[in-house]
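Bear in mind that the values in this text are calculations on the coordinates, not laboratory data. Note that the coordinates shown come from a computational prediction; the quantities given were computed from them, not determined experimentally. Quick reminder, even Gly has a Cβ in these numbers, built from the backbone with ideal geometry, and neighbours come from all protein chains shown.
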Amino acid sequence: MKYLVTWKSIAFPDMDLQTCVEADNADAAQAKAEAEVSEDFKDVYYVDYVKEAQKYE
């Protein structure tokens, strides 16, 4: 399944970023997203929420 991971900026609350990852569940998606970014990125952003991406066919 694909999950949409929303990252929230610590310094600028209105500057959210979103990434999409494939995983078995939301917890695994968050762990995968956090593993794919640098420590410098995580100094500025944190995962706000994870939700299943909608399929468009």
**Request:** May I ask you to list the aspartates and glutamates whose Cα is less than 20 Å away from that of K55, ignoring any residue fewer than eight positions away on the same chain?
**Result:** E22, D24, D27
**Prompt:** With contacts defined as alpha carbon pairs under 8 Å and 6 or more residues apart, what's the relative contact order of the chain in percent?
**Reply:** 47
**Given charges at Cβ of Lys, Arg, Asp, Glu: the chain dipole, positive-most of A33, M15, Y56** = Y56
**Fill in**
If every Lys and Arg gets +1 and every Asp and Glu gets -1 at its Cβ, then about the Cα centre the range 7-52 yields a dipole, in debye to the nearest 20, of 80
**Asked** Can you list the trypsin sites (Lys or Arg not before Pro) in the chain that are in a DSSP coil and have 10 or fewer other beta carbons within 10 angstrom?
**Response** K55
**Message:** For the range 20-57, which chymotrypsin sites (Phe, Trp or Tyr not before Pro) pass both filters: DSSP loop (anything but H, G, I, E, B) and at most 14 other C-beta atoms within 10 Å?
**Reply:** Y56
**Helix-only mean residue ellipticity at 222 nm for the chain, each DSSP H run of n ≥ 4 adding -39500 (n - 2.57), per residue, nearest 500** = -8000 deg cm²/dmol
**Asked** Helix 26-36 versus the longest principal axis of the chain: what angle, 0 to 90°, nearest 10, using Cα atoms?
**Response** 50
**Prompt:** Where in the range 3-40 does the amide nitrogen come within less than 16 Å of the point 7 Å from the Cα of A53, taken along Cα to Cβ?
**Reply:** 3-7, 17-34, 36-37
